[in-house]
Amino acid sequence: MKRILAVHAHPDDVEVLGAGTLALLAEGGNHVTIVTMTAGDCGSVEMDLAETARVRKQEAAAAAVIIGADYLCAGFGDLCVFNDDQARRRTTELVRAARPDIVITASPVDYHPDHEATSMLVRDALFASSVPNYETGPAAALAAIPHLYFMDPIEGRDRSGIRVTPDFGVDITAKFETKSRMLAAHASQRNWVLKQHGIDDYMLSMKKWAAKRGNMFGVTYAEGFRQYTGTPYPRTKLLQDLVGEALLLP
């Protein structure tokens, strides 16, 4: 059994971009923890900050339960994720407490500032997680840096519209129903996504994206990932090995 930590900026980001793979990993007996850096408290047209945070954390927890995963919110404000000393220490403590073998996080290039800041924070927190003299809290330093992977950016493009190509895909066709149920748990988001993004059906939008990634690899539905292998991060293909026959190579 491996410990998997999936970290993204807001409730529903993981469900859109990585929930099918997490469902496969959980079914394989691995321990999955889903973390959102924020409660997505700005993501409503009907509720105030406090009520939005309460509802969205409740939805995220309900989505995680579907695959037997744990859910945590790191407690940053929506649109308030920055790579500063306080945030890095908090994120490093979170990683140390989770003791992951694999961390899957946001793309370093994406349309949303919180997505990009989350990616940078998680990358740097993994580097710091094995440094004993970097003090963060009660959790002990890790023995080694975990494996790090990036999910796709939203719509597979950076802010300039340039395509971001995954290193590999995961065939999630068998888990697409589960992925859909997880995203559907975020019911409060329909009106917000309509207002902010002009998308009336966020479930259909997710389905189209999963189908587009699937078409890239010759399957019905897929999710794309890139492995970060900069010095001194691990370069062995741990996630690729764990997904087994669901692994899709270009």
Choice from Lys175, Lys212, Lys237 showing the highest fluctuation, given a GNM over the chain with Cα pairs closer than 10 Å: Lys237
Cα centroid separation, segment 134-172 to segment 1-67 (Å): 15 Å
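Which net charge results for the neighbourhood of Arg159, defined as the other residues with beta-carbon distances under 10 angstrom from its beta-carbon, given Lys and Arg at +1 and Asp and Glu at -1?
Working: positive: Arg157; negative: Asp110, Glu116, Asp158.
Overall, the nearby charge balance is -2.
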Calculate how many DSSP beta bridges within the chain are antiparallel, expressed in % of all such bridges and rounded to the nearest 5. 35 percent
Can you compute the charge dipole magnitude of the chain about its Cα centre, using +1 on each Lys and Arg Cβ and -1 on each Asp and Glu Cβ, nothing else charged? Give it in debye, rounded to the nearest 20. 460 debye
Most fluctuating residue of Asn30, Asn133, Asn215 in a GNM of the chain with Cα springs under 10 Å: which is it? Asn133
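Rounded to the nearest 20 debye, what is the charge dipole size of segment 59-104 about its Cα centre when +1 sits on each Lys and Arg Cβ and -1 on each Asp and Glu Cβ?
Details: 5 positive and 7 negative charges, 40 e Å.
Rounded to the nearest 20 debye, it is 200 debye.
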Segment 3-248: relative contact order as a whole-number percent, Cα under 8 Å and 6+ apart: 23 percent
Mind ranking 86-95, 224-233, 67-76 by how tightly packed they are, going by the mean number of other C-beta atoms within 10 angstrom, highest first? 86-95, 67-76, 224-233
Taking the Cα-to-Cβ direction at Val65 and at Cys80 and moving 7 Å from each Cα, how far apart do the two end points lie in nm? 2.8 nm
Order these peptides, 35-45, 4-14, by their mean beta-carbon neighbour count within 10 angstrom, highest first. 4-14, 35-45
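Quick note: the coordinates plus some simple rules give every number you see, no bench work behind them. On a predicted model such as this, the values are computed, not experimentally measured, just so you know. FYI the Cβ positions are ideal-geometry reconstructions off the backbone, even for glycines, and counts take in every protein chain you see.
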